[in-house]
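Below is one structure; the comments refer to it alone.
The values are calculated or read from the model by the stated rules, or taken from the named source; none is laboratory data. All values reported here derive from a predicted model rather than from experimental measurement. Cβ atoms come from the backbone with ideal geometry, glycine included; neighbour counts cover every protein chain shown. All accessible areas refer to the heavy atoms of the entire protein, side chains included, with ligands and DNA or RNA removed. Shrake-Rupley method; radii C 1.70, N 1.55, O 1.52, S 1.80 Å.
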Amino acid sequence: QVQLVESGGGVVQAGGSLRLSCAASGTIFSTNAMGWYRQAPGKQRELVAAVTSGGRTNYADSVKGRFTISRDNAKNTGYLQMNSLKPEDTAVYYCTSAVGLKLYWGQGTQVTVSS
């Protein structure tokens with residue numbers, strides 16, 4: 001059974017940084033694409049960043065140059081480094097992992113950026 005567990009969320013002032021982690025189990029993590037989504041109150045869930053099994057990345061325009069997605073396959077863990085955070089980055093952040101045709105989700109971690 002695939003499980004994804006996020007950590008690293010919290011409250012930070014605007015301009016600060018956070019690093020989110022996503023620990024995966026029950027899957028061969030290195031063969032899976034992974035991504036980070038977020039959902040702010042009253043808004044639709046959106047893709048923030050993704051990385052393929054081969055290391056190709058893509059980012060939402062709103063986070064380009066500020067966020068970096070990475071993965072450590074040896075640790076079965078993915079990361080989202082978030083710098084220069086803005087109040088509009090406030091949301092619940094979800095880790096995802098694509099296993100075959102199925103997309104698995106973590107439980108989410110809250111990120112709150114105060115102005």
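How many angstrom lie between the C-alpha centres of the range 4-20 and the range 33-83? After rounding, the separation between the Cα centres reads 13 Å.
Starting from 0.36 nm per residue, how many nanometres of slack lie between K64 and Q13 once their C-alpha separation is accounted for?
Details: separation 51, 0.36 × 51 = 18.36 nm, distance 1.94 nm.
Contour length minus Cα-Cα distance gives 16.4 nm.
On the beta carbon distance between Q81 and S115, with R0 = 30 Å, the FRET formula returns roughly 0.90. Taking the accessible area of the chain, probe 1.4 Å, and keeping the other protein chains in place, the carbon and sulfur fraction comes to 49%.
In Å², and per residue, what accessible area does the chain have when probed at 1.4 Å with the other protein chains present?
On the way: 6050 Å² over 115 residues.
Normalised by residue count, the accessible surface of the chain is 53 Å².
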